[in-house]
Structures are given as C-alpha cells and as structure tokens.
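Comments concern the structure below.
The values are calculated or read from the model by the stated rules, or taken from the named source; none is laboratory data. A quick note: this is a predicted structure, and the numbers were derived from the prediction, not measured. Every residue, glycine among them, receives a Cβ derived from its backbone with ideal geometry; neighbour counts consider all protein chains shown. What goes into the accessible areas is simple: the full protein's heavy atoms, side chains included, and nothing from ligands, DNA or RNA. Shrake-Rupley method; radii C 1.70, N 1.55, O 1.52, S 1.80 Å.
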Amino acid sequence: MKVESAQEIWEAALGELQIQVSKPNYRTWLAKTVGLSYQDNKLVVGVPSPFIAEYLDKNQRSLIEKTLIGLTHHDANIIFQVDGRYQNSGSSNGERGNISFTTTQTPNFNSKYTFDSFVVGSSNCLAHAAALEVSRNPGGTHNPLFIHGGVGLGKTHLLQAIGHAALASHIRVLYVSTEQFTNEFINAIQERKTREFRHKYRSVNILLIDDINFIAGKGQTEESFFHTFDELHNANRQIVITNHCPPESIPLLQERLRSRLEWGLVTGIQPPDFKTRIAILQAKAKDKGLNVTLDVLGLIAQRAHRNVRELEGYLNRVIAYAKLVRASVNSELATKALEDITSKNTKHPAITLTLIMEAVAESFQLSPSDLKSGRRDRKTALARQVAMYLIRQETNCPLAQIGKELGNRDHSTVIHAYKKIESHINTNSDLKRQILDIQRSIES
Ligand code: ADP
Ligand code: MG
C-alpha cells in the first residue's frame, strides 16, 4: 500500500483519538505525529522525539491499536519511530495545529477558523451574531463577550474568527488560552519580566481568552487577570472569553471577577440540531472537495450528535474507509465504516444510564432508586424529568428504555419530560446551573 494510505489512515485515527483523549494529552503526545507507512497491517507512525515514542508505546498503544482496528477492520500493529523531519510540520486539521500565540506580534490563528467557514444554526446563532458584532464594533455594547458551551461546539473557532476579522482591519489582537496566560505569568515572575508581561496584555485592542475556567483558584494569576481585565475594560478595549460553562457555574472563581465576566453579554452554544449537523457536514465535505450524498451525511449526523468535532471525526472515518477499500462513498459503505461506533454507543447504555441517574439523584439529594420508583412528589418528579432529559441528551438509549428504567413510563412521557426541561432551562437559571453541574460531574 502506498505512503498516502498510511497518512490517510493515521489522519482518520487521529480524528478519533482527538475525541477519546483529553485535549492537553492530545496536544502533547499526538498532535505532531504522522503516518509513515502501512503494510501488512503494520503502521509506522513518525513522532518528533524518542521520549514521545516511548510514552506512546507504553501508555497509548492499546488505545491506538483498538482505534485502528475499528477503522480498518483488520488487525493492527503499530510502531512509533522518531522522525525529525516532521517535527514542526503541525497539521492542517483543526485543533491539531498548534495555535499558540508566542511573543511575536502576529498571532498564529488557525486559518480555517473564520466567520466564513462557521455554519450558523439555531444552536449557535446568538453566539455567532455577538461575535460578529464584537469584531465590527470592538469595545462597544458587548464587553466583555462571554461565550460558553460544551467541548467541540465551536467556541475556539468563533474566538479566532474574531481574531481574523480584527487582523484584517489592522486591529491589535491577542489570542491566548488561559493555560498559556498562566504559564506566561508564572515565567514573567520567575524571570522578573512582569513589566513586559503587563505591557503585552494591556496594549491590545482585543483580548481573546480561551477556556477561562483554568484560571479559577489560581491566586496570583487570577489576580493578574483581574487587573488586566479592569485596565482593558476601562480603556474600552474589547475582551472576549470562552468557557465550557457560564461564569455563575465556574467553581472557585473570585466573586469580583465572576461579576465582571457577567458585565457584558453572556451567551451559550448548544449542541447542533440535526439540520445544522447536516449543514456542517456539507460544508466540511465541500471543503475537502468531496461530493457526499445527503443520505450518507444523514447517517453520520444521526450518530454524531454531541459536538462538531465528533461530526468531523466520523466524516473523516467514512472517507478514510472508502479510500482504504477503494470504493465510493455510499450509505452501505458508511454504515459499515461507522458500524462499531453504533455498537460502541449502544453497547453500554446501562453504564451511562446508571452514571447519569446517580449524578442526578445526588444533585437532588435523592437515591437512584427514588428515580426508578413511582414516587410523584414534586422534587422526585422533577429529578426524574432531568434524568430523562440528560439520558436523552447524552446517550443513544431508546426512549422506551429510558421510560422503563425511570419509573416504568412510556416513551411519550420521556418526550414530554425532555421538552419541558428544555424550555425550563431557558427561563430558570437555577435549574440550568444545576443541570450544567450534573453534566460536568458526569463528564469527569
Ligand atoms: P470548542 O472550542 O468549543 O471545544 P472548536 O472551536 O475547537 O470547539 O470546534 C471543534 C471543531 O468543530 C473545529 O474544527 C471547528 O472548526 C468545528 N466547528 C465547530 N462549530 C462549527 C460550526 N458551526 N461550523 C463549522 N465548523 C464548526
Ligand atoms: Mg476550544
């Protein structure tokens, strides 16, 4: 098999691994790897250093091999080989590229994260409109702009889209992950360069801060960010912040910073609905120069319902599989390529179900057996509806089964509960916060 195939297989595997391992983990160990050759089920992967080769070999081998088997439907034998040439090649694909801002004044934005490539749907239209407004009118009415939403829903994409737009208008803009902000702050103190640090952050017109959550509870760094915030805000400079949850739900955050984060506009991104998922897939396929039929896109959209990264990963998988077996992409092939995802998602519904029920029960100070019982007092009934909502949201578990597990109700009760909670979340911020907390505890 040709070298291209090795790259294609590895690209597809990376797409999957990106979903399976944590972001820092991915960035540290996998981001700069490449597929070198593939023959007799043996895949040679080029890595930048012996240390990374050893780490992957010892710690990630079985996960990676499992992923490959899922993709190729063959045995997999993987070899990590140091390959210096690829060290700085990065990758063109999304999060895989290193999008860090170093001390130079030209931010290294991911070229794909623009407003043009952002598909707008009902789940993200408010955040998109706010981001667009901020890029046109920085320091105006939405300051700070705070965008929250689950992983892989396009927060970084929107943040960098603002950055691209600002650069095009020659506005000084700085994009930084909160992790980087923290590291730079600590280095500045150690190297006695706090003046440079302050100057860097306080001389921009737009400051884009990704994943602010990381700063909470980090004493001096939080303090430094607080002052940076005040100074920029007082000077009518624009600040845009993202996070997986709204300011009110960030644990350990100082009250005065929390209230500042809520000064401007706080807006959320929800998981995309089916229609938007299709539109996103169409855009991604077009971007790759591929013509994929609607029924295939539908198959993918049905399976990947949690976030956009997952959607992209599954599309990549289908494409990689088609290349591998040298067939064209049709619904039969797509079903086959996505086979074990379906079984993966439905194989352990009991575990996820139990997990969600436990988390909900704990949050409402009930026991899981209360949720399963026929009790109808208000608190129990609400907790049960929240559990139905979350199970529907987080798993592929059939409605009838959800109903059966939770007090032996039928599927229409589950639909009713889902709709009720969905609309309550928009009007009841306490409930919304409680559900976000439960989701976080499930995810961790
Ligand atoms: P987050 O920062 O919320 O975890 P990202 O911004 O990294 O998510 O998005 C994950 C991937 O999904 C990126 O490749 C991004 O381009 C893509 N993506 C997310 N939302 C959209 C959208 N509405 N339209 C097009 N691509 C999207
Ligand atoms: Mg992000």
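Can you pull out the residues in the stretch 173-193 that are surrounded by 14 or more Cβ atoms within 10 Å (Cβ to Cβ) and more than 20 Å from F214 (Cα to Cα)?
Answer for the stretch 173-193, where residues must be surrounded by 14 or more Cβ atoms within 10 Å (Cβ to Cβ) and more than 20 Å from F214 (Cα to Cα): V173, K193.
Looking only at the stretch 300-317, decide whether some residue is hydrophobic (A, V, I, L, M, F, W, C) and open to solvent by 70 Å² or more (accessible area, probe 1.4 Å).
no
Keeping to the stretch 156-169, report how many residues are open to solvent by 20 Å² or more (accessible area, probe 1.4 Å) and near ligand 1 (Cβ under 9 Å from one of its atoms).
Count: 1.
Would you confirm, using the coordinates I've provided, whether F197 is under 20 Å from C245 (Cα atoms), part of a helix (DSSP H, G or I), modelled with pLDDT of 90 or more and open to solvent by less than 70 Å² (accessible area, probe 1.4 Å)? Step through it out loud before you land on a result.
Details: under 20 Å from C245 (Cα atoms): no; part of a helix (DSSP H, G or I): yes; modelled with pLDDT of 90 or more: yes; open to solvent by less than 70 Å² (accessible area, probe 1.4 Å): yes.
No; evaluated as a whole, the condition is false for this residue.
Quick one: in the stretch 125-151, which of the residues that are outside any helix (DSSP H, G or I) and open to solvent by less than 10 Å² (accessible area, probe 1.4 Å) is nearest to ligand 1 (Cβ to nearest atom)?
G149
Before we move on, is L232 in a helix (DSSP H, G or I), closer than 22 Å to A165 by Cα and not charged (D, E, K, R)?
So L232 passes the test.
Determine, yes or no, whether L158 is within 11 Å of ligand 2 (Cβ to nearest atom) and in contact with a Pro (Cβ under 7 Å, 6 or more places away or on another chain).
Taking the combined requirement at face value, the residue does not satisfy it.
When the stretch 170-180 is examined, which residues are found to be out of contact with any Leu (no Cβ under 6 Å at 6 or more places or on another chain) and either within 16 Å of ligand 1 (Cβ to nearest atom) or at pLDDT 95 or above (or both)?
V176, S177, T178, E179, Q180
Restricting the search to the stretch 365-404, which residues are open to solvent by 40 Å² or more (accessible area, probe 1.4 Å), touching a helix residue (DSSP H, G or I) at 6+ places or on another chain (Cβ under 6 Å) and touching a residue at least 24 places away in the same chain (Cβ under 8 Å)?
Those that are open to solvent by 40 Å² or more (accessible area, probe 1.4 Å), touching a helix residue (DSSP H, G or I) at 6+ places or on another chain (Cβ under 6 Å) and touching a residue at least 24 places away in the same chain (Cβ under 8 Å): R392, N396.
Does the stretch 252-272 contain at least one residue that is over 26 Å from I162 (Cβ atoms) and within 15 Å of ligand 1 (Cβ to nearest atom)?
So far as the stretch 252-272 goes, no, none of its residues is over 26 Å from I162 (Cβ atoms) and within 15 Å of ligand 1 (Cβ to nearest atom).
Of the residues that make up the stretch 214-227, is at least one open to solvent by 10 Å² or more (accessible area, probe 1.4 Å), in contact with a helix residue (DSSP H, G or I) (Cβ under 8 Å, 6 or more places away or on another chain) and under 18 Å from A166 (Cβ atoms)?
Within the stretch 214-227 (the criterion being open to solvent by 10 Å² or more (accessible area, probe 1.4 Å), in contact with a helix residue (DSSP H, G or I) (Cβ under 8 Å, 6 or more places away or on another chain) and under 18 Å from A166 (Cβ atoms)), the answer is no, since none of the residues qualifies.
Output the residues belonging to the stretch 28-49 that are modelled with pLDDT of 80 or more, in a helix (DSSP H, G or I) and open to solvent by 30 Å² or more (accessible area, probe 1.4 Å).
Selection gives W29 alone.
I need the full set of residues from the stretch 231-252 which are open to solvent by 10 Å² or more (accessible area, probe 1.4 Å) and of a type in the set (A, V, I, L, M, F, W, C), in order please.
Those that are open to solvent by 10 Å² or more (accessible area, probe 1.4 Å) and of a type in the set (A, V, I, L, M, F, W, C): A235, L252.
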